Amino acid sequence: MNPYIASAVAEMDKINISKLEHPGDEAMDPSSCRFIAAFARALKARKVLEFGSGFTSLLLAREIEPVEDNYLLSIDDSAAFSAQAREAFETSGCRTKAEFRVAPLRPRFYGPRLLLSYSLPKGLLEALGPFDLVLIDTPHHEFGREAVFYDAFRAVAPGGYVVMDDANLPKAEKVCVPNWRAAFGDAVDPILLEGIGEGLSVVEKVDERAPRYTAKGALPAGFKTLGAFGRLLLARD
Ligand SMILES: C[S@@+](CC[C@H](N)C(=O)[O-])C[C@H]1O[C@@H](n2cnc3c(N)ncnc32)[C@H](O)[C@@H]1O
C-alpha cells in the first residue's frame, strides 16, 4: 500500500475530533476528518488547498501549523459558509497563514464536457501553489466535483495528492475518478478508501500531463450541469 496512506490509516485514531467543535452533518464524517488530518501529517504537507470551507479548514490549518511557510487556501461558493469557517479559524488562535475565498460555481466547458466549477481568476491556483494536498468537499450538485480536479491539477506538486470526500455516493462521485483517469491516464494514481466515512478517493498526481477530456457521457453531463446550475441559482445565498 502507498506508505503515506498506510501511515495515515495507522495513525488516524490518535487524532482528536472535538465533539464541541465538529458541527455534525454539515462537516465531513469524523473518521474522514481524522484521516485527512493524519494524511496531511504523514505527507508533512506545507501548502493545502480546500474546496468546501468548514470544520476541515480549521482541522487542516492546525495540522500544518508546525510546518514552516505553511499556507491554507480554502474556497467555497457560499459567503455564509466561508465566513463561518473563517471565524472559527480566526478565533482559534491557530497561526497558520490561511486565506478564505468565495467563488461562485458556474458552468464551464472542459473539452466537450460542460461542468460546474468555481469561478476563479485564471492562473490563481497555479500562482498560489504548488499544493501538497487538495481536499475536494464541494456541495453535492451534479458534476460539481469533477471540474475541481481539472482546475486544481496544474497547481498540485508532482507527488502531491487530491482527496475527494463522499466517494461511495452513487452517481456523480463515482463518475469523477474514471473521468479523471480518462483525462490524465497514468499521470494520476487513484485509490478508493471505501471503509472510511462515506468513502474517500485518494489520488496521487504522479507527473504533469495535459488533460484529454473524455467525450463519454458528455451530453448527459452537460444537461445535468445546467439543471444543477439552475437549482443552485434558486437555492443559494
Ligand atoms: C458539507 S460542507 C463541508 C465543508 C468542510 N469540508 C467540512 O467538512 O467542514 C461542503 C459544502 O457544502 C455546502 N453546504 C454545507 N451545508 C449546506 C447546506 N445546508 N445547504 C447547502 N449547502 C451546504 C458548503 O457551502 C460547502 O461548500
Pairing a residue in region 2-31 that is farther than 28 Å from Lys205 by Cβ with any residue that is at pLDDT 90 or above and among the small types (Gly, Ala, Ser), where Cβ atoms lie under 8 Å and the two sit 6 or more apart in sequence or on different chains, gives Glu21/Ala88; Pro23/Gly54; Glu26/Gly54
Look through Leu60, Leu20, Leu43 and report the one residue that is hydrophobic (A, V, I, L, M, F, W, C), within 18 Å of the chain's Cα centre (by Cα) and surrounded by fewer than 22 Cβ atoms within 10 Å (Cβ to Cβ).
-> Leu43
Only one residue in Ser7, Ser18, Ser32, Ser57 is of a type in the set (Ser, Thr, Tyr), within 14 Å of the ligand (Cβ to nearest atom), in a helix (DSSP H, G or I) and over 18 Å from Leu128 (Cβ atoms), so which one is that?
-> Ser32
Just for region 119-150: of the residues that are surrounded by 20 or more Cβ atoms within 10 Å (Cβ to Cβ) and of a type in the set (D, E, K, R), which one is farthest from the ligand (Cβ to nearest atom)?
-> Asp132
Condition set in contact (Cβ under 8 Å) with a residue 60 or more places away in the chain and farther than 21 Å from Leu169 by Cα, scope region 205-225, selection farthest from the chain's Cα centre (by Cα): answer is Ala215
Among the residues of region 169-198, the number that are in contact with a helix residue (DSSP H, G or I) (Cβ under 8 Å, 6 or more places away or on another chain) and not in a strand (DSSP E or B) is 11
Of the residues Val67, Val102, which single one is of a type outside the set (Phe, Trp, Tyr), farther than 25 Å from Val202 by Cβ and at pLDDT 95 or above?
-> Val102
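The values are calculated or read from the model by the stated rules, or taken from the named source; none is laboratory data. As the structure is a computational prediction, the values presented were derived from the model and not from experiment. As a convention, Cβ positions derive from the backbone with ideal geometry for all residues, glycine included, and neighbour counts pool all protein chains shown.
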